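Just below is one structure, and these are the notes that go with it.
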Amino acid sequence: MLGTTVSHYRIIEKLGEGGMGVVYKAHDTKLDRTVALKFLPSYLGTDANEKERFHHEARAASTLLHANVAVMFEVNEHDGHLFLAMEYVEGQTLKKLVEQGEPLSIKKVLEMAIQICDGLAAAHEKGVVHRDIKSDNIMITPKGQAKVMDFGLAKIKGASKLTRAGSTLGTAAYMSPEQAQGEEVDQRSDLFSFGVVLYELLTGKLPFRGEHQSAMMYSLMNEDPQPIARFNQKVSPELERIVSKALAKDREERYQHGEDLLADLRRERKSIEYAKAGYTTISSSPQSAPSSKYKSKPLVIGIAALAVVAMGLYLLFAGRVQAVDSLAVLPFENVGGSAEQEYLADGVTESIINNLTRISSLRVVPRSTVFRFKGKDVDIQAIGSKLDVGVVLSGRITHRGQELDVQVDLIDIKRESQLWGNRYQSNAADVLTLQERITSDVSSKLGIGLSLEAREKLSRRATDNTQAFQLYLQGRYYWNKRTSVALDRAIDFFTKAIGLDSSYALAYAGLADCYAIQSQYSGIPTRVSIPLTQAAARRALELDNSLAEVHTSLAFSYYQDWNFQEAEREFKLAISLNPRYATAYHWYNILLARSGRIDEASAVIQKAQELDPYSPIITLNVGLIALNRGQGEEALRQFKKSIELDPSFAAGYTYAGLTNFRLKNYSEAGTQLEKSVELSGRSSEAVSFLGYFYAKQGRRTDTMKLLKEYEQRYQAGDGAAYNIARMYAGLGEKEKVFAWLEQD
């Protein structure tokens, strides 16, 4: 087969061979990518039942799109042989990693286990059972990403049983008791096999062993595995309990769903991270019985334990402050870091703000307001008083290569004193845990009594992939810049984050946010941006329906598509999910104003300004309502105020210029419109308004220059036709106005 071409795949080398076929590395000549081709035994092409099972396998596997599951591209035939084209994954199998002999750290084992379990849980959710989970079927890429391979034994939940009665599929050392007996299996069988893999990772050995298959089966059915602690003393009682539960012989006593096992693994990882940082955690899970060496002198140990608990409670509550109801998180200072690392300081700040916003009893000043003070040498007391908050959180991140040194301080504004401060040391790759720890400590020190629901919200991770989290932070960093080039970079970062974690709802939300404003900042036609916004938003909501930000972006896309009824429904849903999300009110106001409901729009934008009084864009929209009411002078006052809030805010100059044009202040109007073009990086909207102004001033030559520039940009896919129509409207050329409007 080497060197031959099968369909549009050129075979490069043989990768492996097993009972279910031969696997080759190949080059996809159509899409110029490397793939893996799995050829099944020849009898599968002639046996109708086996061929049917193979096609069931293909349909089942093709539904799985997850960062920790190898993707199946297509099923095809060549010379009567069935084959699958699958994702080619570089790296080594988990089996080879274990056989290297060097013990894996508990942290490393948990990181891999969480990824594998996440992939399995996603497959089970779609009704697909693997039936051959083993360390040979799991690849680890050079970047540490786990990929579950070869759903060659997969079956669709509820489909007819395609194997012969009493036959077994799978690998003896890893199969569940019910699978060994030829019984019908479900997701719990995969979780048993995963328990075997986890035991193997922690000990370097298999839990059930025998010199031949019959002996292996006897061990599987009748013997309990040796305690993990016998081979690895670093394993905690909780982790041993997790493995034991996964390996329960009775499937009713086993984990019933992958999500339950995944949750326990994540809690154990967090417990280890906190313990390493000097924290103690209390587990609600039942623990194994204590070793006999700890059973002597129970009274002495009990008194000592009580003393430790009492001291811990004293330190905890002594460190608390009187409960507050308002907080501002100032942008963390980036000390000694390059401009490329600026996203890290901004991202940690924004993540802490977003996490604390989940506490309903706490008013947290929005990001857009606090970032006005970024890079400015200002007095914290003055900022706190201006923002009318009880407490201000400030921080600075010092970079030393890949190591981070973070100092965080809580300042009581009314008492003019520091309430609490702490220093954290972390690796840049573990920034996810860092921001979680800071959030947890701050909420504790603020003396906020959190409900169970609030605690769950604070502890809920959007992703477990730290690299994906860093890419998400970079995406948000560029999204907040609101320029065409920055939006392109943001889309790239969000897409890469999704590539690492396909269940990362916030990354899809970031994509939706980018596409939602592309027509304004990049000139992308709405016929292009609307479907992209809606696709990303719907995927985000499939993963997490509670994200007010996503409902807001989806609503805005409906508004752009003139579907006002659906838009209003989504805006109201977003506001009900997060009544303090200013952008939801801001964009809802735009819909109401466009619908002619000016009084309602005014009330909604006033609410947005109440939540975020220092936002330039919200202040600008207050001015637009005044302009709608014919209050030119008041509108101009609001537009100038938006410029005062942010002197680089291009849209403020745009609408100040247009309003001065309406008020016949032509010289000032021209200056402001030209400034908006400069500050926006010659954005589509700014250029079109300037061209319109030039046309109305009789400066046809200047307008035609801008039209030539813009029409070239439009042909290159950069711009919207209605912006060209606006300039022709200024020239009074109605036929061209309608011709360009029809382009969109």
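Scanning the range 218-277 for residues that are over 23 Å from residue 125 (Cα atoms), of a type in the set (Gly, Ala, Ser) and part of a helix (DSSP H, G or I) yields a total of 5.
Among the residues of the range 208-246 satisfying the criterion of being among the aliphatic types (A, V, I, L, M) and without any contact (Cβ under 8 Å) to a residue 12 or more places away in the chain, which is surrounded by the fewest Cβ atoms within 10 Å (Cβ to Cβ)?
215
Inside the range 1-31, residues that are of a type outside the set (A, V, I, L, M, F, W, C), surrounded by fewer than 12 Cβ atoms within 10 Å (Cβ to Cβ) and within 14 Å of residue 85 (Cα to Cα) make up a count of 1.
Restricting 408, 389 to residues that are assigned to a loop (DSSP other than H, G, I, E, B), buried (at least 19 other Cβ atoms within 10 Å of the Cβ) and in contact with a strand residue (DSSP E or B) (Cβ under 9 Å, 6 or more places away or on another chain) narrows the list to 389.
Say whether the condition of being in a helix (DSSP H, G or I) and either without any contact (Cβ under 8 Å) to a residue 24 or more places away in the chain or more than 30 Å from residue 5 (Cβ to Cβ) (or both) is met by at least one residue in the range 128-142. Yes: one or more hits. Hey, among the residues in the range 608-655 that are more than 38 Å from the chain's Cα centre (by Cα) and aliphatic (A, V, I, L, M), which one's surrounded by the most Cβ atoms within 10 Å (Cβ to Cβ)? Only one residue tops the list, namely 635. Looking across the range 499-524, the residues that are without any contact (Cβ under 8 Å) to a residue 40 or more places away in the chain and among the aliphatic types (A, V, I, L, M) come down to 511, 517.
Of the residues making up the range 83-108, just one is surrounded by 14 or more Cβ atoms within 10 Å (Cβ to Cβ) and modelled with pLDDT under 80, namely 103.
The values are calculated or read from the model by the stated rules, or taken from the named source; none is laboratory data. Since we're looking at a predicted model, the values are computed, not measured. Neighbour counts are summed over all protein chains in view; Cβ atoms, including those assigned to glycine, are modelled from backbone coordinates with ideal geometry.
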